[in-house]
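Structure first, then comments.
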Amino acid sequence: MYSTGMTKPTTLAIILAGGTGTRMGNPTPKQFLPLYGTNTAPQNTVLYHSINAFANHPAISHIAVVCHGDWFAQCHDVINTIQTTTPILPVITGGDTRQQSVYNGLLAVEHIAPDYVLIHDGARPHTPPDLIDRVTNALHKGADGVIPALPATDTLKTNTGNTITSTLNRDQIVHAQTPQGFAYTAILSAHQTAPPNLTDDASVLAQAGGTVQWVTGDPANIKITTPHDLQNNSETPMTTPQKIPRIGQGYDVHKFTDGDHVMLCGVKIPHTKAFTAHSDGDVALHALTDALYGAIAMGDIGRHFPPTDPQWQGADSAIFLQHAVDMVANMGGEIGNVDITIMCEQPKITPHAPTMQQRLSELMKIPTHKISIKATTTEKLGFTGRGEGIATTATVIVFVQGY
Ligand code: CTP
Ligand code: MG
């Protein structure tokens, strides 16, 4: 057990993506199928969501993904879209069975020698953070092995063919989920002595004499196994986390130079000045684009469109907005509403606001009543007050499923 003042233990999450999903019956392994709808972007795959549950989780120090050798390219695409400060180790090649894949994973992280490992099915995309806390907290209290599980609710029978042979005592049965947590050295040595084809790691530890505890799992934490599970995902509230709101804000400033118009919210506005900028200088679209990236924690405009890249010289800033809008859509997200404030003495914004709303509605594919455009002077104070440039803020809400 560790307490404040002691060094925080290292806990490595091994995510298993080495299977081929025979029961799903799709040529693409289930972990690379879209979780929501039909969008095949890496951010919408089952695996993305399974890994993302561990990314940035405070109890997790490293992530390692085990993948079938034929699917490395897809696995890299998924990993590369995850925004995290939690290190993700090079992808590990899986084995012929789940058990073999876990063993490969455990061996491949020997150089890290973590205190604990959490072993998780890459086909389980709905793992809430508090479930990870329950497993790691029980490990920190000294358990050899910990699994999240749910008590059985149906009456359970044994059978031989069509004949029921007995009724089990339901009070003694729980349904095992993942992530399953272990002291690293204990589970590594248990795997070295395990008979083949055990279907989880708790049974691997148990056969080596270890004691396994259980903590409360989560009904949403299902393992995607058959086509029914994916269909259910978009329909059944129990297996689908509700869309959650995420807020984003953006701020941008552009300086004036000589000229005869400015671009604001994608609309050309006659003015006695123009913007000094690498792109078309549309300060309002830039703030809005950053707000959208911010809402899905996907960096900022400079990361996606570096100002040092000559191809964006004079670019139509609608391209940037479109990219951010597409990223939100690729995550199954919906834009709730947008509120923009443009700060300048001149030009006057209000007469152009309806045209701006219309243009943003086209670019963002949301109705104009969800788009607010406001303007303010800064009482002749500061750089905007002196007419040296324009500043803009933007705030957005997006609704994103399970993210
Ligand atoms: N797994 C693995 N290596 C294997 C087999 C399975 O890493 N050789 C992983 C799967 O990718 C999945 C998890 O273990 O994330 C649970 O296994 P399962 O649900 O059985 O997945 P599949 O083996 O892919 O599916 P199926 O049994 O239907 O073929
Ligand atoms: Mg399997």
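Values quoted throughout were computed directly from the atomic coordinates according to the rules given, and no laboratory measurement underlies them. Quick caveat, the model's predicted, so the values are computed rather than measured. Cβ placement follows ideal geometry from the backbone for every residue including glycine, while neighbour counts extend to all protein chains displayed.
Numbers for the structure displayed
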read-out: The chain: relative contact order in percent, alpha carbon pairs under 8 Å with at least 6 residues between; value: 15 percent
read-out: Set of aspartates and glutamates with alpha-carbon distance to Lys141 below 16 Å, sequence-local pairs under 8 removed; value: Asp115, Asp133
read-out: Debye, to nearest 20: dipole size of the range 173-313, +1 on Lys, Arg Cβ, -1 on Asp, Glu Cβ; value: 140 debye
read-out: Point-charge dipole on Cβ atoms (K/R +1, D/E -1) for the chain, about Cα centre, debye to 20; value: 480 debye
read-out: Positive-end extreme of charge dipole, the range 84-182 - chosen from Thr85, Tyr116, Pro179 (charges on Cβ); value: Pro179
read-out: For Arg134, Arg170, order by how many other beta-carbon atoms lie within 10 Å, fewest first; value: Arg170, Arg134
read-out: Cα gyration tensor, the range 296-354 - rounded (a/c under 1.5), prolate or oblate; value: oblate
read-out: Farthest positive-ward along the chain dipole, Cα basis, beta-carbon charges - from Pro27, Ser372, His254; value: Ser372
read-out: Solitary cysteines of the chain, where the nearest other Cys Cβ is not under 4.7 Å; value: Cys265, Cys344
read-out: 5 angstrom amide H check on Thr45, placed H, neighbours 5+ away; value: Leu35
